[in-house]
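Report on the structure given below.
Bear in mind that the values in this text are calculations on the coordinates, not laboratory data. Predicted model, so just to flag it, every value in this text is computed and none were measured. Note that each Cβ is placed from the backbone with ideal geometry, even for glycine, and that neighbours are counted across all protein chains shown.
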Amino acid sequence: ETAARRKGKARRGRGKARNEGLLSKQKRSRRMKANDRERNRMHHLNSALDALRSVLPTFPDDTKLTKIETLRFAHNYIWALTQSLRLA
């Protein structure tokens, strides 16, 4: 019954109605756009981390903290500043 119904109706959804070359180009285009978005996201994240590193006190100035070290150090530094304000 269902097979007979399918034969009588037009295809819906993602069939092979489109040219496979066109689909391949669209997939490639979507992937390139997604890659660009991810690259920009990481660029902005790295810029923000560099700005954060520039305001954190470090003992050897030439030492570059990793991303996770930067975040942990900032958290601990803010906590220490908060504690010193509470005690003052």
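Label-to-label distance, residue 41 versus residue 72, with points set 7 angstrom from Cα along the beta-carbon direction: 2.5 nm. Dipole of the stretch 30-75 computed with +1 at Lys/Arg Cβ and -1 at Asp/Glu Cβ about the Cα centre; of 59, 40, 71, farthest Cα towards the positive end is 40. Here the stretch 14-87 was treated as a single set of alpha-carbon atoms; its pair distances binned every 5 Å from 0 give 3, 12, 14, 13, 10, 9, 8, 6, 6, 6, 5, 4, 2, 1, 0 percent.
Name the trypsin sites (Lys or Arg not before Pro) in the stretch 14-88 that are in a loop by DSSP and that have at most 15 other C-beta atoms within 10 Å, would you? Numbers along the way, then the final one.
Values: sites: 14, 16, 18, 25, 27, 28, 30, 31, 33, 37, 39, 41, 53, 64, 67, 72, 86; in loops: 14, 16, 18, 64.
Within the stretch 14-88, the qualifying trypsin sites (Lys or Arg not before Pro) (loop, at most 15 other Cβ atoms within 10 Å) are 14, 16, 18, 64.
Using a Förster distance of 30 angstrom, determine the FRET efficiency expected from the C-beta separation of residue 83 and residue 58, and round it to 0.05. According to the calculation, E is roughly 0.90.
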